[in-house]
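Just so it is clear, none of the values below were taken in a lab; they were calculated from the coordinates. Not measured: the values here are computed from a predicted model. Every residue, glycine as well, gets a Cβ built from its backbone with ideal geometry; the counts of neighbours run over all protein chains shown.
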Amino acid sequence: MKTNLPLDGDRLWADVMALAEITDPARPYTRRSFTPLFREGRAWLARRFADAGLTTRIDTAGNLIGRLEGTNPALGVIAVGSHSDTVPSGGRFDGVAGIATGLEIVRALRQSGTRLSHTLEIIDFLAEEPSEYGLSCVGSRGMTGSLDGKMLDFTEPAGESLRDALRRVGGDPDRLAEARRGDIQAFLELHIEQGIVLESRSLDVGIVTSIAGIRRIEVVFQGEADHAGTTPIDLRHDALVAAANTVATVRRLAEQLAVEGADYFVATVGILTVEPSASNIVPGRCRLIIDARTTNAALTKQFVETIDRESAAHAEAARVSRTSFETLSDGPPVACDTDLRAALRQGARDLGLSEMDLPSGAGHDAAFMSRICRSAMVFVPCRKGKSHAPEEWADREALATGAAVIYQAVRALDQSLPQAAR
Ligand code: HGY
Ligand code: MN
Ligand code: MN
């Protein structure tokens, strides 16, 4: 048990557990972005921010921001944060742990009477998880000038645009430019590893080296719905045959690329809709989303070109048309800032914690924040590496030690940050 940490792990834990209570009771733990539950969680967080002495606001990109003025505002901002939205039937720690960390750091600073020279901001980024509108990291894209009109026109299944949804949660798509920041000197994010490396090696924390690039592609096949009993096989235009062969190609190609190169490569089809979706109707239309991730952008290019070619061939073979092969989002791989990584590593060592460098296969807001400032992450172990599932679990002590590393780094960076703006 790590003792004499500079912050209160029980308070941090209580925040994580309290936010977990705000979930769809039928699908713990679900607090999807833009939903009433999400807004209830936001309101709860805003109250906690205010209780901790932060001035709070929602920026025009829909991010909840708590601010603690520094003694020398001219030095700019050190930001700590993550996201409070979840995947469907997700966990209690993905995202929330990073916000609770920031909140506890503020309380620990104030309790100890410590005033930072830099202003400190705690940020809950809007919609980090892939939203119903087909886009992830909506708030951090908005803060970094990476949220464009085409994305704002994306719609969810019932037809609402992301533009209108952004207004509903307090953002303003017509004034997005106001969300862009040039005053943030450093961004730090604590996150559960969502992998098994730290736990399997019994290490306290991971200092993230790079964050995988994520390409998401929509593929739609249009065939003809027909009677499943009376339509001969050779006269069918079965959209699901083309889709299923494409899914198999995605898996085969990912296995091949993961083995070939020294780089990290994974690809997944996590969404596949079949219409009209009845046991006695030949599928007329299929839509699938491919999520491809790598630390080497050249592998993405090779993957996309091959899938483009082979999915078109699957369509032709199934006598259907491929009506969409569209990149929905394309975030490149990101290297975390070396100065911030050094401060995090030193913080861990000063606390007597064990640490290692490791890449992130998961996407994070920190990747977008690297476009406007120095950005880095700390991982803490999670049980069996499980995440994006209700079994997701991180020990109270693990969260407290990870948060203490961020705290130590914030204090050190407050003194050492090179003042040269990026
Ligand atoms: O999908 C991801 O990598 C992250 O958990 N949003
Ligand atoms: Mn996630
Ligand atoms: Mn996350």
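In degrees between 0 and 90, to the nearest 10, how far off the longest principal axis of the chain does helix 338-350 point, with axes built from Cα atoms?
60 degrees
With the radius of gyration and the Kirkwood radius both derived from the Cα set of the range 69-184, what is their ratio Rg to Rh? It would help to have the intermediate numbers written out before the result.
Values: Rg = 16.3 Å, Rh = 15.7 Å.
Ratio value, two decimals: 1.04.
What order do you get for GLU178, GLU193 when you list them from fewest to most C-beta neighbours inside 10 Å?
Placing the least packed residue first, the sequence is GLU178, GLU193.
When a footprinting reagent is the concern and you count Cβ atoms within 10 Å, what order do LEU152, LEU162 take, fewest first?
In order of increasing Cβ crowding within 10 Å: LEU152, LEU162.
Hey, what did the range 14-159 get for relative contact order, percent, Cα under 8 Å, at least 6 apart?
Averaging sequence separation for qualifying contacts and normalising by length gives 26 percent for the range 14-159.
Suppose a student asked you for the relative contact order of the chain, using Cα pairs under 8 Å spaced at least 6 residues apart; what percent would you report?
The value is 22 percent.
Bins of 10 Å, beginning at zero and ending with the bin holding the largest distance: percent of Cα pairs per bin for the chain, please.
Calculated over all Cα pairs of the chain, the distribution is 5, 22, 30, 24, 12, 5, 2, 0 percent.
Can you give the relative contact order of the range 213-331 as a percent, counting alpha carbon pairs under 8 Å and 6+ residues apart?
46 percent
Can you spot the aspartates and glutamates whose alpha carbon is less than 16 Å from LYS386's alpha carbon? Ignore those fewer than 8 places along the same chain.
The qualifying aspartates and glutamates are ASP94, GLU193, GLU199, ASP395.
If you take the Cα atoms of the range 35-78, find Rg, then find the Kirkwood Rh from the mean of 1/r over all pairs, what is Rg/Rh?
Answer for the range 35-78: 1.06.
Report the trypsin sites (Lys or Arg not before Pro) located in the range 145-211 that are in a DSSP loop and have at most 12 other Cβ atoms inside 10 Å of their Cβ, or state none.
Hits after loop and neighbour filter: ARG201.
Could you work out the Kirkwood radius for the range 331-422, taking every pair of different alpha carbons, averaging 1/r and inverting it, reported in Å?
Radius from the Kirkwood sum: 14.5 Å.
What's the Cα-based Rg to Rh of the range 186-312, Rh via Kirkwood?
Taking Rg over the Kirkwood Rh, I get 1.13.
Taking θ as phi - 60°, what are the ³J(HN,Hα) couplings along the range 194-208 by the Karplus curve (6.51, -1.76, 1.60), each to the nearest whole Hz, with x for Gly and Pro?
Residue by residue, the range 194-208 yields 6, x, 10, 5, 4, 5, 5, 9, 6, 9, 6, 9, x, 9, 6 Hz.
Sort HIS314, HIS191 by Cβ crowding within 10 Å, fewest neighbours at the top.
Ranking HIS314, HIS191 by Cβ neighbours within 10 Å, fewest first, gives HIS314, HIS191.
Of the beta bridges DSSP finds with both residues in the chain, what % are antiparallel, to the nearest 5?
65 percent
Using θ = phi - 60° and the Karplus form 6.51 cos²θ - 1.76 cosθ + 1.60, what ³J(HN,Hα) does each residue of the range 75-88 get, whole Hz, x for Gly and Pro?
Whole-Hz 3J(HN,Hα) from phi for the range 75-88: 6, x, 10, 9, 10, 10, x, 5, 9, 10, 7, 10, 7, x.
Pick out, in residue order, every one of the GluC sites (Glu not before Pro) in the range 63-163 that is DSSP loop and has at most 16 other C-beta atoms within 10 Å; say none if there are none.
Of the GluC sites (Glu not before Pro), the ones in loops of the range 63-163 whose Cβ has at most 16 other Cβ atoms within 10 Å are GLU69, GLU160.
Considering only ALA79, GLY91, TYR133, whose Cα is most displaced toward the positive end of the charge dipole of the chain, charges sitting on Cβ of Lys, Arg (+1) and Asp, Glu (-1)?
Working it through, the farthest residue towards the positive pole turns out to be ALA79.
Aspartates and glutamates within cross-link reach of LYS150: Cα-Cα under 16 Å, excluding same-chain residues under 8 positions apart?
Correct list for LYS150: GLU132, GLU160, ASP164, ASP172, ASP174, GLU218, GLU326, ASP330.
Going by alpha carbons, how many degrees (0 to 90, nearest 10) lie between the helix axis of 396-416 and the longest principal axis of the chain?
Approximately 60 degrees, to the nearest 10.
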